[in-house]
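The values are calculated or read from the model by the stated rules, or taken from the named source; none is laboratory data. Computed from a predicted structure; not experimentally measured. Cβ coordinates were reconstructed from backbone atoms using ideal geometry, including for glycine residues, and neighbour counts include every protein chain displayed. Calculation scope for accessible area: heavy atoms of the full protein, side chains included, ligands and nucleic acids excluded. Shrake-Rupley method; radii C 1.70, N 1.55, O 1.52, S 1.80 Å.
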Amino acid sequence: MTDITTTAKELLEAGRARLAAAADLDRFVEAEREILGKKSALAALNSRLRDLTPEGRRVAGEAIKAARDALAEEAARLRSDLTERHRRDRLAAERMDLTELSSAPPGPVLDWSGRGTGHLHLVTSTRDELEDTFVAMGFTVAEGPEAETDRYNFEALNMPPDHPARGMWDTLYLHLGDPGQVLLRTHTSPVQVRLMESGQLPIYAVMPGRCYRRDTPDARHLPVFHQIEGLVVDRAITFGDLAGVIEAFTTAFFGPGMHSRLRPSFFPFTEPSAEFEVTCPICAGAGCRTCSNSGWIELGGCGMVDPNVFEAVGIDPEEYSGFAFGFGIDRLAQVRSSLSDMRALLDNDVRFLSQF
Ligand code: DAH
């Protein structure tokens, strides 16, 4: 055994001990450089090889390489251990104590000490309440995408290209796909089409969701708002069923003594179509400013599913019939809570939001 081989073994042992002793990542990096770097004792050994015989050089060279490989392997393992420990220490140090926050009693959000707890937004809680009411009546809840194609938002709803009724909805188009083909849905009615297309009949479903229109915001309009759609498709469904469901919903949601009525209207996807009104929830029908003294508030549209819509989704209109309805959730919240300006719903002013 040449003394180079012995030295290499000694350097290996010393290096191992030195690496293992490094208490943190910085010190480890320093140790690693000293042991395996260009100026390390191990590297210096290489320069002594040239004095040896070819055979001695081979043996000693292998010993140096073995020591270097073993140290490099050890260093890699220690480095990953230390990095992991470093990460855990950092996370533990940065961890915030939230126990005080979460154990604070629920209360108004107005407490600027940061201890108040929040609650659902008025529109969200109204949507939840609507869902609960319909679910209790036997409906399921379905959802669909907010970015839709022309087919779902218009065409399958009995509005071929250039149909004048498309003008009822000021539409925001997306620069996606073919020009004019992808848009932000202007109503929740496209979810009807998706549901009917899925082919599972009968359907008793409500479909809440966000909608978009190219509208200037004002006291009664938001360009981003929410609707809830209802759809029933079964054998022998009649207009009487539609009127009955609207009435049952009105009483269940607004309370006893609250009623609904229908007025003739037009929607391309329903025939016949109607607008439905409910007893004014502010004056309970007595007449007030909100309902312009009529005692009624217009809520949404409805009607019997047009046979053309059934054909577009592959349902036989001779065998099935159905009705649909849709109304604005934000509008409903506005009426029920007597909000003079709908834009307050989007301002995120906690003094407003905490009142509901
Ligand atoms: N989609 C209509 C709108 O946004 C509302 C509506 C009317 C939905 C009649 C329906 C319906 O399902 O049958 O103005």
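In table form, for the structure just shown:
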read-out: Inter-residue pairs, beta-carbon under 6 Å, first in the same structural domain as Asp306 (by TED's automatic domain parsing) and in the stretch 196-217, second open to solvent by 30 Å² or more (accessible area, probe 1.4 Å) and of a type in the set (Val, Ile, Thr), 6+ apart; value: Ala205/Thr140; Val206/Val141; Tyr212/Val224
read-out: So Met159, is it modelled with pLDDT of 95 or more and more than 23 Å from the chain's Cα centre (by Cα); value: yes
read-out: Verdict on Ala312 being more than 15 Å from the ligand (Cβ to nearest atom), within 24 Å of Val245 (Cβ to Cβ), open to solvent by 10 Å² or more (accessible area, probe 1.4 Å) and among the hydrophobic types (A, V, I, L, M, F, W, C); value: no
read-out: Of residues in the stretch 316-341 being open to solvent by less than 10 Å² (accessible area, probe 1.4 Å) and touching a helix residue (DSSP H, G or I) at 6+ places or on another chain (Cβ under 7 Å), the one farthest from the ligand (Cβ to nearest atom); value: Ala333
read-out: Tabulated pairs, the stretch 56-69, first basic (Lys, Arg), second open to solvent by less than 20 Å² (accessible area, probe 1.4 Å), C-beta under 8 angstrom, 6+ apart or interchain; value: Arg68/Leu42
read-out: Residue under evaluation Asp347, criteria (1) free of Cβ contacts under 8 Å to residues at least 12 places away in the same chain; (2) touching a Pro at 6+ places or on another chain (Cβ under 7 Å), criterion not met; value: (2)
read-out: Of all residues in the stretch 115-164 being open to solvent by less than 60 Å² (accessible area, probe 1.4 Å) and among the β-branched types (Val, Ile, Thr), the one that is farthest from the ligand (Cβ to nearest atom); value: Thr117
read-out: Selection count, the stretch 49-87, where residues are closer than 17 Å to Leu11 by Cβ and open to solvent by 90 Å² or more (accessible area, probe 1.4 Å); value: 3
read-out: Conditions (1) of a type outside the set (A, V, I, L, M, F, W, C); (2) assigned to a helix (DSSP H, G or I); (3) at pLDDT 90 or above; (4) away from the ligand (no atom under 16 Å from the Cβ): number failed by Gly167; value: (4)
read-out: Enumeration of residues in the stretch 261-294 that are of a type in the set (Gly, Ala, Ser), more than 11 Å from the ligand (Cβ to nearest atom) and surrounded by 16 or more Cβ atoms within 10 Å (Cβ to Cβ); value: Gly285
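To keep it simple, each residue is scored yes or no on (1) in a helix (DSSP H, G or I); (2) under 28 Å from the mean Cα position of the chain (by Cα); (3) under 20 Å from Ser321 (Cα atoms); (4) modelled with pLDDT of 95 or more.
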{"position": "Phe225", "(1), (2), (3), (4)": "no, yes, no, yes"}
{"position": "Ile228", "(1), (2), (3), (4)": "no, yes, no, yes"}
{"position": "Leu231", "(1), (2), (3), (4)": "no, yes, yes, yes"}
{"position": "Gly240", "(1), (2), (3), (4)": "yes, no, yes, yes"}
{"position": "Ile246", "(1), (2), (3), (4)": "yes, no, yes, yes"}
{"position": "Pro256", "(1), (2), (3), (4)": "no, no, no, no"}
{"position": "Arg261", "(1), (2), (3), (4)": "no, no, no, yes"}
